[in-house]
Structure formats: structure tokens, C-alpha cells
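A quick write-up on the structure given underneath.
Values in this text are rule-based calculations from the coordinates and carry no lab data. All values derive from a computational prediction rather than experimental measurement. Because the Cβ atoms are built from the backbone with ideal geometry, glycine has one as well, and the counts that use them run over all protein chains shown.
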Amino acid sequence: NEWTRKLRYHPYEKWGKDYRDQLNKTVNQSIWRLDYHIQPVTGLLNDPNGFTFFNGKWHLFYQFYPFGPVHGLKSWFHLTSANLVDWKEEGIRLLPDSLYDSHGVYSGSALAIDDQLLLAYTGNVRNADWERSTYQLGAYMDKKHQINKVETPLVSGPPKGYTTNFRDPQVIFYQDHYLMIIGAQTTEEKGEILLYKSKDLKDWQFLGPLNFTQQSLGFMVECPNLIFIDQQAVLIFCPQGLGKNELSYQNIYPNTYVIGQSFDERNRTIEHTSPIHNLDSGFDLYATQAFNAPDGRALSISWIGLPELSYPTDQEGWAHCLSIVKELKIKDGQLLQQPVAEQKNLRYKKTALLGDIQNIQNLMANNETNRYELNLNLQEDSRGSLYLFADSDNSHYLALHFDAVHGKIELDRKQLRYPLNKDFGQTRDVTLENHQSIDLQIFADQSVCEIFVNQGRYVFTTRVFPETHDTEIFLAGTTGAYTGDFWILRSAR
Ligand code: FRU
């Protein structure tokens, strides 16, 4: 069927049971369903929302369109977890059912306040001429997951000088009051992040744009997050249309960050910030949501998918997934992204690895599943390639080329069984120090792969769509040696 606008905005309750049953069936037959990543029950998942700790559990929501693999009428789907790896699907919790969110419950954040969880989100509204209005809205969820929407907007529409591309509020508690940051676009179509302040979460005062860079931020900024790590301010955001002279990137839109030495609220300034960096070095990551958890960790989770791109599961009635949860740290002034410690919970069966890098070898003979963690330390003279999701004669695969001598790593999708979004390039690379050993921590899960390099100094995130038997792992090269561990992971379903 054709996904006309009318169909995308067809009211939820009007989709018939037969349609939904058929969709469920199609989705469940997909060989690309994931075993430990969060995926949509059916239809499309995009941004993670409301990631927080509340009432003794982790809570997470995702942007959800249930009826097909397209961006339609959005709601929030709710999950809870005791350990950040086993997630329980709680169901749809925020529906587009009010005057202020009739055309989509868009992205936002959550903040625990006494015994309630405040959900702050954007309500998207279209009029008969399909002109947009946006509101920053609130809802309170109690311990039984009952939700009450706040009747009037926290912020009604953009301030003067800004368009209705105004969304994705993050509310944080700061000193003795609350701050909200919102992605915005000026009437001259420049991206900005706007800062609001409130004492009581009801009355929100517009302070102005957040100053954090001299670089220009493209035409719109989505999904801003301000977090603090060791007193430093880390701002994560998605600048759409960012100039390639500002940052080298190949994805349609980058997900980026800056690290600042401090945050000066009075001047709305993040001070002494780094240049804008890519958060991920791979192909498919966007809309990261990060927060300061009550246990002291800074945690993040991302959408693995990008706006405006298509993927093979579109044929199967579902699209996209979330990343594993990462812990963010700063070391020697640099951001590190590491899998949360709880990720070890999934480890099930271990094989120790050790050998030289020469010719081509099957690294894990008889490997039968793309559900594993592979940790490899490549000695400082190593040069070669690792082939993942490979078929038995190694003609289709996802390749990671490494050269420790010249300090280079390249992720290469040229030999995928099903090519993906070729227009945006088929390789991604990063530069490391010369003559240093390279540390890889690789998570494979059926149709997704996340590769952490050198304790999280870089992360490459990519989708990959193999056939069921494409589970071989080959290692080829000319010089060097490796040690490592291979773990089959258990399913989190
Ligand atoms: C980012 C985004 C957000 C918006 C949401 C709508 O992917 O465009 O800016 O709130 O998706 O689903």
C-alpha cells in the first residue's frame, strides 16, 4: 500500500484487527528481529524519549508509529527495566489525543519529581492547510504508570523570531530550579538551542538561546541534551544541515557533541567548549538521549536509524531499533562512550582467542548466531581486516579494516549482502595514534552491530542485514597478533 498522508494520520482506533494481526505476523517472521536491542513491536521506532530512573526502575520510551515502517502519527511507547539490558514492554503510554498534540506526541524527556514522573514533550499540531503549531507539553506519570496530561502547555509556541520547528524539550533540575532546553530554528532558518527556566514547573520563562559555539549549526537543531560529567558540561544535539566545513560527516544528519568547561546560566553560556565532534563514527545513529542518573553515572541511548532513509525491514512492517545503553565519561578531555557494566549480564558462553594475524582464518569456527560480543586486542603492528556477518566463502560481509601501524580503522559496507543507503558513502573511518595496539569491543545482534574502539574513544554503529547462515567471522591480514574473548550472549527476550 501507499503511505499517503491521510493513511499516516489515520486515527489509531480506526485500524482494524485484521490489519494489525497481519502486520504482527509479518513482523514476527522477519529474520532480522533483534535479541537484545529495543525494537518496535510493529511499525516504526525513532528517538528514545524519557530515559530516567524512577520508583526503583529504569524507564524508557520511544517515538512510535505502530501501523507501518513510516513516520506517521507518533506516540510514546513505554519500557521498564531493573538492569538496563532486560526491558519489559509496558505499552503505549502517551497518545496523540489532545488539542495540543493531535498530530503527534513528539520527543522529550522525563524527570522524577517526588512520587511522580514528569514527561516533557512536544505536541505537534497541523491545521487544515497542514501548517504546523508546536507546544512544549507536560504529563505526570504515577507509580502505577497512570498518566495525566497537564491541561495547558508548559510553553505555548516558539518565541518571536523562531519558526514552529521548535521541539524536543529536555527538563533538568539545576541548583534550586528547573531548566528546559529546546531545539529550535530562527526565522532566518538557523539552528539554535533555546533555554527556559522555571521555579515551579508551571511558569516557564524564556531566557534566550544557549551560547556554546561560534560554529553555525545548520538550519535546525533537534534533540538537545545537556548533561554534566565531572563538573564539565556536555551538550549532545543533532544539527540538521550542518556545513561540511564545520564538521566532517557523511550521514544525512550528524549527531554531535561539545564538551565545555562549565555552564554559566546567567549568561546562558557553556564556556570554553571544544569544537563540534561526531558522537558516532558509523552509519546509522541519531537522536541520542543522555541524562545524569541518580547513581552518579551519565547514561545515553540512541536511535539506530536516521530520518529520511530506508532499510530492508521496511518490507516487513517494522523499522529501526535503539542502541545498547552506554555510560559516558570524560578522560584526558575526551568523551568516552562505553557499554554499561550491566551489559555483561548477557554474557553466556565464552571462548578465549589468541593468535597471529596472517592469511585468512575463521576466527570462531562453527559460530551459529549473530548474537555475540567479540573483544579483540590487536597488537601495535597489526594490519588486516575483520569480516563480520560473513557467508561461508566470505563473499558478503561487514568489514572492519585496521592498521595499527598508521593508526587507522575503517568500517566498510561495500560487500554487504543487501546494500544500504549507498548515496551516503559505504565507508567510515577514524584516525588513531600510530603504532598503538587497538582495542575492539563488538556487539552483534542479528541485524545491528556496535563497535567500541579503544575503551569507547570512538563508536561505530551500523545496521547490517545478513541471511540466517551469514554468521562467520573471518580475520585476515599480513602482520600482528591478537588476543581476545568471544561471548555468545543470551537473548533478552
Ligand atoms: C528526531 C525527530 C524529533 C521529533 C521526532 C518526531 O528524529 O524529528 O525532532 O521530536 O523525531 O518523531
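In segment 171-276, which GluC sites (Glu not before Pro) are in a loop and have at most 10 other Cβ atoms within 10 Å, using DSSP for the loop call?
Working: sites: Glu188, Glu189, Glu192, Glu222, Glu246, Glu265, Glu271; in loops: Glu188, Glu189, Glu246, Glu265.
Here the sparse-neighbourhood loop sites are Glu188.
If R0 is taken as 25 Å, the Cβ-Cβ distance between Lys197 and Ala112 corresponds to a FRET efficiency of 0.80. For the pair Ser491 and Gln205, label points projected 7 Å from Cα toward Cβ lie 5.5 nm apart.
Length gained on full extension, Gln146 to Gln250, computed as 0.36 nm times the residue gap minus the Cα-Cα distance: 33.2 nm.
Modelled spin-label separation between His435 and Glu380, with each label point placed 7 Å from Cα along the Cα-to-Cβ direction: 0.7 nm.
Among Leu95, Gly305, Trp32, whose Cα lies farthest out toward the positive end of the dipole of segment 5-339, if unit charges sit on the beta carbon of Lys, Arg (+1) and Asp, Glu (-1)? Value computed over the given set: Leu95. For the chain, the ratio of Cα radius of gyration to the globular rule of thumb 2.2 N^0.38 Å stands at 0.96.
Segment 209-266 and segment 441-464 have their alpha-carbon centroids 23 Å apart.
Extension gain, His71 to Asn83: 0.36 nm times the residue separation minus the Cα-Cα distance gives 1.3 nm.
With contacts taken as Cα pairs under 8 Å at a separation of at least 6 residues, the chain carries a relative contact order of 13 percent. Multiplying the residue separation of Asp97 and Ser156 by 0.36 nm and removing their Cα-Cα distance gives an extension gain of 19.5 nm. Taking a straight Cα-Cα cut-off under 27 Å and skipping sequence neighbours fewer than 8 places away in the same chain, the lysines within cross-link reach of Lys143 are Lys57, Lys74, Lys88, Lys197, Lys199, Lys202, Lys326.
For Lys149, a cut-off of 15 angstrom between C-alpha atoms picks up these aspartates and glutamates, skipping any fewer than 8 places away in its own chain: Asp97, Asp101.
Could you compute the FRET efficiency for Asn267 and Arg132, with r as their C-beta to C-beta distance and R0 at 25 Å, rounded to 0.05?
On the way: r = 32 Å, r/R0 = 1.26.
It comes out at approximately 0.20.
Within a straight-line Cα-Cα reach of under 14 Å, Lys408 can be paired with the following aspartates and glutamates, leaving aside sequence neighbours fewer than 8 residues apart in one chain: Glu380, Asp381, Asp429, Glu433, Asp439. Segment 1-48 and segment 135-169 have Cα centres separated by 26 Å. For the chain, the longest principal axis of the Cα atoms and the long axis of helix 17-28 meet at an angle of about 30 degrees. Charging the Cβ of each Asp and Glu at -1 and of each Lys and Arg at +1, and nothing else, the dipole of segment 345-489 about its Cα centre rounds to 280 debye.
Neighbours of Gln146, meaning other residues whose beta-carbon lies under 13 angstrom from its beta-carbon, give a summed charge of +1 when Lys and Arg score +1 and Asp and Glu score -1.
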